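Taken together, the values in this text are just the output of simple stated rules run on the coordinates, not laboratory data. Computed from a predicted structure; not experimentally measured. For neighbour counting, all protein chains shown are included, and Cβ atoms are generated from backbone atoms with ideal geometry for every residue, glycine included.
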Amino acid sequence: MNLRLLVVEDDREIRAMMQSSLSVEGFEVQTAVSLSEARAMLQHRTPDVVVLDLGLPDGDGLALVALIRQRHSLPILIVSARHQEAEKIRLLDAGADDYLTKPFHVGELLARIRVAMRHRGTALAPAVTEHRLDGLSIDLAQRSVMLHGRALHLTPTEFKLLARLVRSAGRVVTHRQLLSDVWGPEFTEHTHYLRLYMAQLRAKIEADPAEPRHLLTETGVGYRLATA
Ligand code: CA
């Protein structure tokens with residue numbers, strides 16, 4: 001059975017492009033051009049994934065994120081021409097899984113959909129506890145971090161921060177989420193902690209900390225552990 005994907009997008013060209021390229025990947029693609037149409041479709045049938053534009057003729061896509069999250073845990077990917085960081089944070093906090101800024105490549109959209117599906121996936125899927133990429137090998141159960149076969153020594157806080165990113169590998173994690181999960185809910189404004197510890201982690205993990213390969217910055221929003 002094909003996975004059902006609902007694309008909510010009012011731009012005809014982008015909608016057609018997503019429909020054809022995602023169908024080729026085996027998704028059963030349905031499209032809606034407005035919030036009201038999307039709402040009607042969601043009542044009729046629950047899709048497996050929603051790809052959502054923000055600027056829609058009858059309102060803001062954010063309203064749909066809130067509506068979907070009241071009842072469903074399915075992955076929601078935002079595609080938007082908007083660049084404001086505050087906007088992205090608002091969306092992620094409202095329950096969106098990830099966002100892509102237009103213009104984007106379909107390959108990137110597919111990669112993000114797969115990551116979001118893996119994380120939301122089935123409730124039975126085991127939590128992510130291992131991560132391997134380009135000589136970096138992390139095993140959370142063993143508490144080991146290896147770089148090209150050599151064990152790295154991390155402080156407890158560095159390890160906690162890295163572990164949080166491993167559990168969301170491939171997805172952006174907001175500053176607020178990281179500060180809350182690693183230091184505690186009362187530390188969500190202490191972004192300087194994050195900058196300091198991220199710099200320390202990069203110094204240990206990255207070949208060139210100024211051009212990170214693993215610990216990627218999402219400017220103004222958060223960090224993402226690269227998975228490819
Ligand atoms: Ca639009």
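Things to note:
- Straight-distance crosslink candidates among aspartates and glutamates, where the alpha carbon sits under 15 Å from K102 and sequence neighbours closer than 8 are dropped: E9, D10, D11, E13, D53, E85, E87
- Considering only Q30, L201, F159, and ranking their Cα positions along the charge dipole of the chain that arises from unit charges at the beta-carbon of Lys, Arg, Asp and Glu, the one farthest toward the positive end is F159.
- For region 100-115 and region 58-81, distance of Cα centres in Å: 17 Å
- Straight Cα distances below 12 angstrom link K88 to the aspartates and glutamates D97, D98, E218, with same-chain residues fewer than 8 positions distant left out.
- Amide hydrogen proximity for L52: with H placed 1.01 Å from N in the peptide plane, the residues at 5 or more positions away or on another chain lying under 5 Å are V8, L77, I78, V79.
- Relative to the longest principal axis of the Cα atoms of the chain, helix 12-24 runs at roughly 70 degrees.
- Cα long-axis angle, helix 62-71 against the chain (0 to 90 degrees, to the nearest 10): 80 degrees
- Packing-based exposure ordering (other Cβ within 10 Å, fewest first) of I76, I68: I68, I76
- Radius 11 Å from Cβ of H72, net charge of other residues (Lys, Arg +1; Asp, Glu -1): +2
- Straight-distance crosslink candidates among lysines, where the alpha carbon sits under 16 Å from K160 and sequence neighbours closer than 8 are dropped: K204
- Beta bridges per DSSP with both ends in the chain, % antiparallel, nearest 5: 55 percent
- Cα gyration tensor shape for region 4-119, rounded if a/c is under 1.5, else prolate or oblate: rounded
- Rounded to the nearest 10 degrees, the angle from helix 35-44 to the longest Cα principal axis of the chain is 90 degrees.
- Local electrostatic count at H44 - Lys and Arg +1, Asp and Glu -1, tallied over other residues with Cβ under 13 Å: +2
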